[in-house]
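The values are calculated or read from the model by the stated rules, or taken from the named source; none is laboratory data. Please read these numbers as outputs of a predicted model, since none were measured by experiment. Because the Cβ atoms are built from the backbone with ideal geometry, glycine has one as well, and the counts that use them run over all protein chains shown. Areas reflect the complete protein model, heavy atoms only, side chains present, ligands, DNA and RNA absent. Shrake-Rupley method; radii C 1.70, N 1.55, O 1.52, S 1.80 Å.
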Amino acid sequence: MQIGVDSFGAVISDPATGLTLSPVQRMENLLEEIVVADQVGLDVFGIGEHHRSEFVDSAPAVILGAAATRAENIRLSSAVTVLSAADPVRVFQEFATLDLISHGRAEIVAGRGSSIEAYPLFGFDLEDYDSLFSEKLDLLLKIRENTRVHWSGKHRATLSGQAIYPRPLQNPLPIWVGVGGTPASFVRAGTLGLPLMVAIIGGEFKRFRPLIDLYRESGRRAGHSSEKLIVGLHAIGFLGDTTQQAAEDFYPGYAHTFTEIGKERGWPPATRAQFDALRGPTGALVIGDAETVTQKVLYVNEILGGLSRITFQMGVSALPHQKMLRSIEILGTRVAPVVRKELTGLVRSEIRA
């Protein structure tokens, strides 16, 4: 299992002090987080895409390109690229360029996005939410397969054999499909035989098992091998030297962020009781000390039928930079090695059986 971190580059205010980092300082902190994640042996770091005042991640490929010159081994991914509101030609060019800069470490997680601000910003109609994504994913995959592309669709000008450069070092450039809870999205990813990245930010992990099974079954029916039908998990997580410390550090910012999101989406305000329930053994928050988080990762891997990747979204809470770096350090040095060892031992036992 690959283990990593996702970030939206949030510049939200500290609920306790009211202080907000400058965008320059937040960007520098974000790049240091990627470097530390690389140094402690994590596998992947993802940058989201938002077009709001609370985030600095509107151009993830640029951030990842800067990180590629500082970090040597870690894979660099979007989390997610809002493909519905983007031009697939430019998306491919940007990540192919990133792939060259990073010597073959770039990845795309393509999705429709959980926020809607990109659609009016770039002149798209929300009524076309799904058809935009379906069509643009089709074009992105064709660009990946062919230097010269013949393609026509409803939402973009026709391509009649134009060549698209540069070509990436990796062949093929990894493209995942990022999904929430819509069954049709799981079916689409499976039918196309693309890796699946599932974002789970609430409830219990086990409720997503039927959807993941649907993805795998759709892929099998479409003729794809089980080796192609891999599943990743994007989860809210944070680590501290003790579970209590991790919870106390993370909760104030978490409550602030999800209460503000709730005002837009009709959710009730976040409460401490809800937070504590979600960080329990089966809930969707992966928060605690190294042992607690390790056990939860192993539980989630089992309950969801085997994961190829898990990424921790730590940036939904305003936290001191040193606490964020410490969380990444614990994840890389005390959780990832144990998880890898346990899962390797499990695989060997299954082979012997």
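Report, ordered by the first and then the second residue, all pairs with beta carbons closer than 9 Å, sequence separation of six or more or different chains, a first member in the range 188-202 that is in a helix (DSSP H, G or I), and a second member that is open to solvent by 30 Å² or more (accessible area, probe 1.4 Å) and not charged (D, E, K, R).
Note: pairs meeting the criteria are ARG188/SER134; GLY190/LEU214; GLY190/ALA222; GLY190/HIS224; THR191/ALA222; THR191/HIS224; LEU192/ALA222; LEU192/HIS224.
Please state which of the following conditions GLN162 fails to meet, knowing it meets all the rest: (1) open to solvent by 70 Å² or more (accessible area, probe 1.4 Å); (2) in a loop (DSSP other than H, G, I, E, B).
Of (1) open to solvent by 70 Å² or more (accessible area, probe 1.4 Å); (2) in a loop (DSSP other than H, G, I, E, B), only one is false for GLN162: (2).
Look at PHE238 and say whether it is aromatic (Phe, Trp, Tyr), open to solvent by 20 Å² or more (accessible area, probe 1.4 Å) and outside any loop (DSSP other than H, G, I, E, B). Quick ask: steps written out before the conclusion?
Working: aromatic (Phe, Trp, Tyr): yes; open to solvent by 20 Å² or more (accessible area, probe 1.4 Å): no; outside any loop (DSSP other than H, G, I, E, B): yes.
When the stated conditions are applied, PHE238 does not pass them.
Which ones in the range 280-295 are open to solvent by less than 20 Å² (accessible area, probe 1.4 Å) and assigned to a loop (DSSP other than H, G, I, E, B)?
Those that are open to solvent by less than 20 Å² (accessible area, probe 1.4 Å) and assigned to a loop (DSSP other than H, G, I, E, B): GLY280, ALA284.
All but one of (1) touching a Lys or Arg at 6+ places or on another chain (Cβ under 6 Å); (2) surrounded by fewer than 20 Cβ atoms within 10 Å (Cβ to Cβ); (3) in a strand (DSSP E or B) hold for PRO172; state the number of the condition that does not hold.
In the conditions (1) touching a Lys or Arg at 6+ places or on another chain (Cβ under 6 Å); (2) surrounded by fewer than 20 Cβ atoms within 10 Å (Cβ to Cβ); (3) in a strand (DSSP E or B), PRO172 misses (3) alone.
Which is assigned to a helix (DSSP H, G or I), of a type outside the set (A, V, I, L, M, F, W, C) and at pLDDT 95 or above, of GLU260, GLU302?
Of the residues listed, the single one that is assigned to a helix (DSSP H, G or I), of a type outside the set (A, V, I, L, M, F, W, C) and at pLDDT 95 or above is GLU302.
What are the pairs, 6+ residues apart or on separate chains, where a residue within the range 155-166 that is closer than 10 Å to PRO88 by Cβ has its Cβ under 7 Å from a residue that is among the hydroxyl-bearing types (Ser, Thr, Tyr)?
Between residues of the range 155-166 that are closer than 10 Å to PRO88 by Cβ and residues that are among the hydroxyl-bearing types (Ser, Thr, Tyr), the close pairs are ILE164/THR147.
Given (1) in contact with a strand residue (DSSP E or B) (Cβ under 7 Å, 6 or more places away or on another chain); (2) open to solvent by 10 Å² or more (accessible area, probe 1.4 Å); (3) not in a helix (DSSP H, G or I), where does LYS142 come up short, assuming only one miss?
(3)
Step by step: first the residues of the range 241-268, then only those that are aromatic (Phe, Trp, Tyr) and open to solvent by less than 20 Å² (accessible area, probe 1.4 Å), then the one that is farthest from ILE212 (Cα to Cα). Which residue is that?
Residue satisfying both the conditions and the ranking: PHE250.
Residues in the range 296-305: is at least one open to solvent by less than 30 Å² (accessible area, probe 1.4 Å), in contact (Cβ under 8 Å) with a residue 12 or more places away in the chain and either over 27 Å from VAL109 (Cα atoms) or acidic (Asp, Glu) (or both)?
no
Looking only at helices (runs of 4 or more DSSP H) that lie completely in the range 54-129, which have at least 1 residues being of a type in the set (A, V, I, L, M, F, W, C) and buried (at least 21 other Cβ atoms within 10 Å of the Cβ)?
Per the criteria, 60-68, 88-101.
Evaluate the range 35-52: report whether one residue or more is out of contact with any strand residue (DSSP E or B) (no Cβ under 7 Å at 6 or more places or on another chain), modelled with pLDDT under 95, of a type in the set (Val, Ile, Thr) and buried (at least 18 other Cβ atoms within 10 Å of the Cβ).
The initial filter retains those residues of the range 35-52 that are out of contact with any strand residue (DSSP E or B) (no Cβ under 7 Å at 6 or more places or on another chain), namely 35-36, 38-41, 50-52.
Going one step further and asking which of them are modelled with pLDDT under 95, we end up with 50-52.
Now restrict to residues that are of a type in the set (Val, Ile, Thr): none.
Checked the range 35-52: no residue is out of contact with any strand residue (DSSP E or B) (no Cβ under 7 Å at 6 or more places or on another chain), modelled with pLDDT under 95, of a type in the set (Val, Ile, Thr) and buried (at least 18 other Cβ atoms within 10 Å of the Cβ).
When you go through (1) crowded, with 20+ Cβ neighbours inside 10 Å; (2) more than 30 Å from GLU145 (Cα to Cα) one by one for MET197, which number turns out not to apply?
(2)
Taking the condition among the aliphatic types (A, V, I, L, M), part of a loop (DSSP other than H, G, I, E, B), open to solvent by less than 70 Å² (accessible area, probe 1.4 Å) and farther than 19 Å from VAL286 by Cα, does LEU214 pass?
Here the answer is no, as LEU214 does not meet what is asked.
Tell me, yes or no, whether the range 117-126 has at least one residue that is within 18 Å of PHE55 (Cβ to Cβ), within 19 Å of the chain's Cα centre (by Cα) and free of Cβ contacts under 8 Å to residues at least 24 places away in the same chain.
No, the conditions are met nowhere in the range 117-126.
If you scan the range 306-325, which residues turn out to be out of contact with any strand residue (DSSP E or B) (no Cβ under 8 Å at 6 or more places or on another chain) and surrounded by fewer than 20 Cβ atoms within 10 Å (Cβ to Cβ)?
Result: PRO320, HIS321, GLN322, LYS323, LEU325.
Return the pair list, or none, for Cβ contacts closer than 8 Å from residues in the range 272-293 that are under 23 Å from VAL5 (Cβ atoms) and without any contact (Cβ under 8 Å) to a residue 40 or more places away in the chain to residues that are open to solvent by 10 Å² or more (accessible area, probe 1.4 Å) and charged (D, E, K, R), at least 6 apart or on different chains.
PRO281/LYS296
Considering only residues that are out of contact with any Phe, Trp or Tyr (no Cβ under 7 Å at 6 or more places or on another chain) and either open to solvent by 40 Å² or more (accessible area, probe 1.4 Å) or closer than 24 Å to THR282 by Cβ (or both), which ones fall in the range 175-186?
Hits for the range 175-186 are GLY178, GLY180, GLY181, THR182, PRO183, ALA184, SER185.
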